[in-house]
1. Working carefully through the options Glu289, Glu245, find the one that is within 25 Å of Phe71 (Cβ to Cβ), charged (D, E, K, R) and more than 17 Å from the chain's Cα centre (by Cα).
2. What residue, among those in segment 247-296 that are of a type in the set (Val, Ile, Thr) and surrounded by fewer than 20 Cβ atoms within 10 Å (Cβ to Cβ), is nearest to Cys180 (Cα to Cα)?
3. Only one of these conditions is not met by Gly164: (1) over 20 Å from Glu86 (Cβ atoms); (2) part of a strand (DSSP E or B); (3) of a type in the set (Gly, Ala, Ser). Which number is it?
4. If you take the residues of segment 38-59 that are hydrophobic (A, V, I, L, M, F, W, C) and touching a His at 6+ places or on another chain (Cβ under 7 Å), which of them is most open to solvent (accessible area, probe 1.4 Å)?
5. Scan segment 264-310 for residues that are in contact with a helix residue (DSSP H, G or I) (Cβ under 7 Å, 6 or more places away or on another chain) and part of a strand (DSSP E or B) and jot them down.
6. Does any residue in segment 168-180 that is touching a residue at least 24 places away in the same chain (Cβ under 8 Å) and in a strand (DSSP E or B) come within less than 6 Å, Cβ to Cβ, of a residue that is crowded, with 18+ Cβ neighbours inside 10 Å and of a type outside the set (A, V, I, L, M) six or more places away or on a different chain, and which pairs are these?
7. Of these, Ala116, Ala102, which one is among the small types (Gly, Ala, Ser), in contact with a Lys or Arg (Cβ under 8 Å, 6 or more places away or on another chain) and more than 22 Å from Thr244 (Cα to Cα)?
8. Which members of segment 128-154 meet the condition of being closer than 24 Å to Ala189 by Cα, touching a residue at least 60 places away in the same chain (Cβ under 8 Å), open to solvent by 40 Å² or more (accessible area, probe 1.4 Å) and in contact with a helix residue (DSSP H, G or I) (Cβ under 9 Å, 6 or more places away or on another chain)?
Amino acid sequence: MRLITAIGSVPPSLARVEPPTREPFRIAAVQEAWHPDPEEHAAALERGIAMAAGEGARLVCLQELTLSPYFAIVPDALETAAAMAEPLPGGPTHALAARAAAQHGVFVHASLYEQADDGGLGYNTAFVTRPDGEVVARTRKLHIPVTAGYYEDKYFRPGDDEQGYPVVELGDGHFGFPTCWDQWFPELARAYSLGGAEVIVYPTAIGSEPDHPDFDTQPLWERVIVANGITNGTFMVAVNRIGTEPPLTFYGSSFISDPYGRVLVKAPRDEPAVLVADLDLDQRRDWLELFPFLRTRRPETYAALLDAVD
């Protein structure tokens with residue numbers, strides 16, 4: 001597993017006029033393939049968490065549907081997928097996160113297929129566990145893809161949190177924890193930013209397009225996430241999986257970017273990797289003072305955003 005770091009020296013805040021008020025926040029992302037053997041898979045993830053903790057990371061982020069295969073590749077396997085649904089807290093994904101968090105004294109972020117109380121379609125849920133095992137963040141995926149190879153509408157219902165875009169304080173940082181398809185929507189990043197998020201973390205499972213095998217969306221994927229970070233003054237953490245789970249080949253390329261659009265660390269397309277970066281969280285303040293996107297909004301003109309669009 002490759003270790004890729006950007007620690008000890010933070011890129012300068014180009015718009016800074018006041019000194020920072022906090023020490024850098026060290027964050028990590030673990031990029032892995034899914035291993036059919038559950039023990040092998042858990043061991044691989046725990047090695048990654050241990051590597052990140054060994055580098056001093058305070059929050060370690062894992063991929064979408066952390067312990068399971070990406071099962072939404074066909075539209076008609078709900079009964080099989082339902083066997084993977086878990087309670088939160090108390091399921092195997094929470095158990096792994098809690099165990100690793102306690103062992104290393106870090107926050108662990110993971111993702112699972114969360115059971116619904118009514119027994120119907122579940123939720124695609126990201127959560128964070130602190131070292132004592134308590135779940136301190138739970139965010140259900142809001143936007144659900146409906147395309148070939150990513151038939152998530154057949155398995156997941158959209159998140160129903162009244163807040164919609166909950167911002168969670170971890171240490172001295174403020175975080176949002178949406179999931180994958182959410183990352184394409186500029187409205188979502190804006191909502192998190194308006195709520196005070198400094199870092200947005202996206203557990204992800206994205207790769208090839210079965211109906212368009214020659215279309216590599218990786219450059220577009222990275223570009224739109226980085227751009228949403230620029231327009232909202234947020235750090236972005238995208239942690240993808242790798243490997244082939246037919247008909248999909250996931251393209252990895254996990255990365256961490258800053259509010260200036262700089263990619264601080266980036267993983268390969270096809271290798272397990274641990275990314276660790278120091279985030280100067282006050283760069284958000286600096287950038288949004290120079291380019292005050294939030295203060296100069298015109299929400300009274302945005303009625304068209306609520307109109308139905310085919």
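1. Among Glu289, Glu245, only Glu245 is within 25 Å of Phe71 (Cβ to Cβ), charged (D, E, K, R) and more than 17 Å from the chain's Cα centre (by Cα).
2. Thr249
3. Unmet condition: (2).
4. The qualifying residue most open to solvent (accessible area, probe 1.4 Å) is Ala50.
5. Val274, Val276 - these are the residues of segment 264-310 that are in contact with a helix residue (DSSP H, G or I) (Cβ under 7 Å, 6 or more places away or on another chain) and part of a strand (DSSP E or B).
6. Sorted first by the residue in segment 168-180, then by its partner, the pairs are Val168/Phe175; Leu170/Phe107; Gly173/Phe25; Gly173/Glu198; His174/Glu198; Gly176/Tyr192.
7. Within the list Ala116, Ala102, the selection yields Ala116.
8. Result: no residue meets the conditions.
The values are calculated or read from the model by the stated rules, or taken from the named source; none is laboratory data. On a predicted model such as this, the values are computed, not experimentally measured, just so you know. When we count neighbours, we look across all protein chains shown, and the Cβ atoms used for this are built from the backbone with ideal geometry, even at glycine. Surface areas here come from the heavy atoms of the whole protein model, side chains and all, with no ligands, DNA or RNA. Shrake-Rupley method; radii C 1.70, N 1.55, O 1.52, S 1.80 Å.
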